[in-house]
Amino acid sequence: MTKVYFVRHAQSDWRSGSDRERGLTAEGQEDRNVVLEFLRNKQVDAFYCSPYRRSIDTIQEAAEYYGQPIQTDERLRERETVPGGNTRELFRKRWADFDRHEPGGESLRSVQERNIAALTDILEQNTGKTIVIGTHSTALSTILNYYDPGYGCNDFLRMIDWMPFVVELDFDGTRFLSKTEHVHVEKIFKP
């Protein structure tokens, strides 16, 4: 069995940097200790991550604890957004139509396809291992929806206030077996 711990990033600092370079707030930096404590005795074999700074920063201490490098994969990045595109009303519209996107933005279907392609490659390279993947709320929610089509907008809206959040997916090869939600820190999502 292959175990994948997805780690949604800790609270990011919306006031500084581009979407790709935005780091964590002071609270987010403290909260990443929740991730380290959870992963401390899991015997993690590999770390993968979105190339976005906030995701890397969230799993960095755990990767250092295990003496493992973090391998970034561009396909694991968050959804391409446009200014003003992160409202609950727009979230609901996107979930109602997986192909909907704003000009210059990206649809949930596109996010799902590239994240599942990356995950499939990671699973094929790490059969029988325990891995961590640093991720984002939209990217992770589309992965969860892929394996459980009943996972929808209300589940996503619950998760966006969890920073960080760790959920485990277990696989036999690339065949999905189960999902277990583990730990999270409740924070108010502020775009």
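Could you state the accessible area per residue of the chain in Å², with a 1.4 Å probe and every protein chain left in place? All intermediate terms of the calculation are to be shown ahead of the outcome.
Details: 8510 Å² over 191 residues.
Averaged over the residues of the chain, the accessible area is 45 Å².
On a full-extension model of 0.36 nm per residue, what is the gain between Glu21 and Arg88, subtracting their alpha-carbon distance, rounded to one decimal in nm? Before the final figure, lay out each step's value.
Details: separation 67, 0.36 × 67 = 24.12 nm, distance 2.38 nm.
Taking 0.36 nm per residue and subtracting the Cα distance, the gain is 21.7 nm.
Under the definition of Cα pairs under 8 Å and six or more residues apart, what whole-number percent is the relative contact order of region 59-137?
Working: 54 pairs, mean separation 25.9, N = 79.
Across region 59-137, relative contact order equals 33 percent.
I need two numbers for the chain: Rg to one decimal and Dmax as a whole number, Cα atoms only, in Å.
Rg and Dmax of the chain, Cα atoms, are 15.4, 45 Å.
Sequence neighbours fewer than 8 away in the same chain don't count; with that in mind, list the lysines whose C-alpha is under 24 Å from Lys179.
Partners found: Lys3, Lys42, Lys129, Lys187.
With a 1.4 Å probe and every protein chain kept in, tell me what percent of the accessible surface of region 1-60 is carbon plus sulfur.
Values: 1060 of 2550 Å².
Of the solvent-accessible surface of region 1-60, carbon and sulfur hold 41 percent.
Residues in region 1-16 near a label at Leu177, defined as backbone nitrogen under 14 Å from the 7 Å Cα→Cβ point?
Inside the label zone: 1-5.
So for the chain, taking the charge dipole from beta-carbon charges (+1 Lys/Arg, -1 Asp/Glu), which of Thr87, Gly28, Leu157 sits furthest toward the positive end?
Comparing the listed Cα positions along the dipole, Thr87 ranks first.
Below 8 Å, C-alpha to C-alpha, sequence gap of six or more: please give me the relative contact order for the chain in percent.
Value for the chain: 32 percent.
If I model a spin label at Asp170 and Trp14 as a point 7 Å from the Cα along the Cα→Cβ vector, what separation in nanometres do I get?
A separation of 3.7 nm, rounded to one decimal place.
Quick one: divide the alpha-carbon radius of gyration of region 95-191 by 2.2 N^0.38 Å and tell me what you get. Mind showing how you got there, number by number?
Numbers: Rg = 13.9 Å, N = 97, 2.2 N^0.38 = 12.5 Å.
Computed over Cα atoms of region 95-191, the ratio equals 1.11.
At a Förster radius of 30 Å, what calculated FRET efficiency corresponds to the Cβ-Cβ distance of Asp155 and Asp121, to the nearest 0.05? Kindly include the intermediate steps, with their values, before the conclusion.
Details: r = 26 Å, r/R0 = 0.85.
With R0 = 30 Å, the Cβ-Cβ based efficiency is 0.75.
Find the centroid of the Cα atoms in region 106-129 and in region 136-154, then give the distance between the two in whole Å.
For region 106-129 versus region 136-154, the Cα centre distance is 13 Å.
Which of the peptides 123-131, 156-164 is most tightly packed, and how do the rest follow, judged by the mean count of other Cβ atoms within 10 Å per residue? Don't skip to the end; give the middle numbers.
Details: 123-131: 15.2, 156-164: 19.7.
Highest mean packing first, the order is 156-164, 123-131.
Which order do the peptides 169-182, 29-42 take when ranked by the mean count of other beta-carbon atoms within 10 Å per residue, highest first? Working shown, then result.
Numbers: 169-182: 13.6, 29-42: 16.7.
For the peptides 169-182, 29-42, the packing ranking is 29-42, 169-182.
Can you tell me the mean projection area, over all orientations, of the convex hull of region 1-84's alpha carbons? Units nm², please.
Values: hull surface 24.4 nm².
Result: a mean projected hull area of 6.1 nm².
Find how much the distance from Glu80 to Gln68 grows on full extension, using 0.36 nm per residue of separation minus their present alpha carbon separation; answer in nm with one decimal. Display every interim value, and only then the final one.
Working: separation 12, 0.36 × 12 = 4.32 nm, distance 2.87 nm.
Extending this stretch completely gives an extra 1.5 nm.
The values are calculated or read from the model by the stated rules, or taken from the named source; none is laboratory data. Computed from a prediction, not measured in an experiment: that's the story for all the values here. Cβ sites come from the backbone with ideal geometry, for glycine too, and all protein chains shown count toward neighbours. Just the protein is used for accessible areas: all its heavy atoms, side chains included, with ligands, DNA and RNA removed. Shrake-Rupley method; radii C 1.70, N 1.55, O 1.52, S 1.80 Å.
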